[in-house]
Structure formats: C-alpha cells, structure tokens
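Q: Sharing a structure below in structure tokens format, with a few things to ask.
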Ligand code: SF4
C-alpha cells in the first residue's frame, strides 16, 4: 500500500490524514500529480458523484471598506481601480441573482464589503433574501457580510438564508501578515455564530499569499475543526494597488495539490474552486473538477471570471454534470454515457492562413 492509498482509505472512512500526510500531498512531485488527483477523485466520487454545484456571486456593496485585508481590492487605501458602490437597490440584487439562477446556479451568494453589518444592514439584506426566496424557494442563499454581532445570524436565518460565508483565509500564525484590523479569532467566532444560529457554515482559504505549506495545512485542519459544510479555496488574485499586488507564487500544479490536500482533510465538505482559478490553473482547470465538486459561475466580486458558457462546456467536456440541471440543460454532459456532446459547428474552422495564403502562419 502506498502512502496515497493510506491517505485515500482514511479520507473514504472520514478520518483526517496525519499532518505529515497532508504536508506530503503539498510536497509531492509533479511526476505523481495524476496519482494525487486520482486519489482525491475517489473521495470526491464517494460523496458527490460527478456533480458540480454552481454558485453565483452578487457583490451588493463594493469597495470602500475600512478594514485592511492585504489581499483585498476593496480594502482601506486600495488603489485598485475596481467598482465602488454602496448598497445596491433590492431590485438590482434580485435581477442579478436571477441571471445566475437562469444560468444554472443552485446557490446565490450575496456579499457586501465592510467589517460587518449593523442592524439596519441586516434588515436590508434580510428583505432582499426573503423576496428572493419567495420566487426561488429551491435556490440556496448564502450571505457574506463580515463579522456578525449577537442576534444577526438568527435574523438572517429567519429571512430564509441558507448559509453564511466567512473565510478563515489563512493559518492563525500567518494572519497578522495579511490583516491588522481584525483577528483570526474574530473570523472563527463569526463562523461559530453562524453555525449556532442554524446557518450552514461556509469557510475557506486563500492560497498564494506568502504562506508556507505548514500554514496551508494548519488552516485546512482549522477548517475541518469548524465543520463547515462548504470550503471555498481561493487563489490570490493579485490586484495592482494592494499590498499583495505583486505576488505571483502559484503554479497550476501547486493549485491542484492544494485542492487535493483540502479534499483529503475535509473529505465530505463541498470543496469549492473559487476566485483565481482562471488565472492560476489556466488550462488545467478541468483537472480540478476531479477534486472539487463546486465552482463559482460568472464573475467574482471585483474581477471578471471566465464566460459562463465556457464553464458549462468545461464541465460537460470533462464528463461531469451540473447539480440540479435537467437532461438537455446546458452543462449536462453528453460524454458520460458515451454519447458525443452536441456538435459545435463553430469549432470546425476552415484554414485561411499560412501555407498557400498570403497570411502569416499560425506559429
Ligand atoms: S476582505 Fe472584506 S473585510 Fe477585508 S478589506 Fe475586503 S471587504 Fe473589507
């Protein structure tokens, strides 16, 4: 039995890996990358089959945050040229959320910049959520509004909110290097508050912020201890005008190893491939679907994501199916049972360049 077999058996049994095993995943060689992915895929398959859940972000209040999270384009003093606006009108929030649902999202995530909401903010967001749920009772709503005060999680729950997102982001030991205006303990307390109120806890991390392998393993185990239902894994989007704007530490292979490590540590959690996947995984994005069971569709909070139809094609081409989609919907795989996907006539392009023409060759 190899160490990967042992790790897989533990994850399939719901047991955590030893810390050294989690570190070994991160330290593993590219020569065994496909073995690592295949091992993580067994765990994914057990809990989620070949389904991919689509989530859709709506940034309901953008920029101008008083906090100083070094990775964030919306932080105090950010010179990143991102959209800045205060609370969107409810009708705009609902229309944007509905666009995501129409594209196949089964969870809508309403996100607001800021340290945390006041009670008036909660009233405003709760109203948006209850309106949305009236029309879409089967679509989950996740709120992400920052640090919560007493009673706020309960009010969100009463309005029909499914989940609350608050990421730990990095290891406790590394937290002071990425933020000075609030603490790691503040973050974990908010996740506990949301959980105590009956909201589904969603908490994840950001990789690529100068952390060590030990930090990544620490945050993964800390997340496991919080028992989140979903774990978004972000890869740093290095916005110019932020303190981490010049960091570019990740390779596609490292991203895959990080995702696999998180899958082994949190085997039954919805592991979500989140911000930064397009720029860091690039052409290896489809491989990540063998490890994660959830992605964001569309754009991120302040940066643009891959076109939604490209995501749906990627899911179908890799032999996965969109969670909740009916047969024939976009994103339903035509390849899983051996049937070819619908023919794309646009993919066959007659050559009009290079040899035999006056137009430069494609090289
Ligand atoms: S991550 Fe949230 S709290 Fe931190 S600066 Fe950005 S919007 Fe503010």
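Just so you know, all these numbers are worked out from the coordinates, no wet-lab data involved. Quick caveat, the model's predicted, so the values are computed rather than measured. As a convention, Cβ positions derive from the backbone with ideal geometry for all residues, glycine included, and neighbour counts pool all protein chains shown.
Q: I need the shape label for the stretch 135-218. Rule: rounded when a/c is under 1.5, else prolate if a/b > b/c, else oblate, with a, b, c from the alpha carbon gyration tensor.
A: Prolate shape, in that a/c is at least 1.5 and a/b is the bigger ratio.
Q: Rounded to the nearest Å, what's the spacing between the alpha carbon centres of the stretch 42-90 and the stretch 190-214? Just the number, please.
A: That distance is 14 Å.
Q: Still on this structure, I have one more. Roughly what percent of Cα-Cα pairs across the stretch 17-324 reach past 32 Å?
A: When every Cα pair of the stretch 17-324 is considered, 20 percent fall beyond 32 Å.
Q: Taking the square root of 5 times each eigenvalue of the Cα gyration tensor, what semi-axes in Å does the equivalent ellipsoid of the stretch 1-137 have, largest first?
A: The equivalent ellipsoid of the stretch 1-137 has semi-axes of 39, 22, 14 Å.
Q: Starting with the highest mean, order 109-118, 257-266, 293-302 by the number of other Cβ atoms within 10 Å, averaged over the residues of each peptide.
A: The densest-packed peptide leads the list: 257-266, 293-302, 109-118.
Q: Using alpha-carbon pairs under 8 Å, 6+ residues apart, how would you state the relative contact order of the chain in percent?
A: On the way: 684 pairs, mean separation 74.7, N = 363.
The value is 21 percent.
Q: Can you give me the Cα centroid spacing of the stretch 162-184 and the stretch 123-141 in angstrom?
A: The stretch 162-184 and the stretch 123-141 have Cα centres separated by 27 Å.
Q: Highest mean first, what order results for 245-251, 198-204 on Cβ atoms within 10 Å?
A: Ranking, from highest mean packing down: 198-204, 245-251.
Q: Counting only helical runs of four or more DSSP H residues, what would the 222 nm mean residue ellipticity of the chain come to if each run contributes -39,500 (n - 2.57) and the total is spread over all its residues?
A: Helix contribution divided over all residues of the chain: -11000 deg cm²/dmol.
Q: OK, next. Packing-wise, with mean Cβ within 10 Å as the measure, how do 92-103, 232-243, 58-69, 76-87 rank, highest first?
A: Final packing ranking: 232-243, 58-69, 92-103, 76-87.
Q: Where both residues lie in the chain, what percent of DSSP beta bridges are antiparallel, nearest 5?
A: 5
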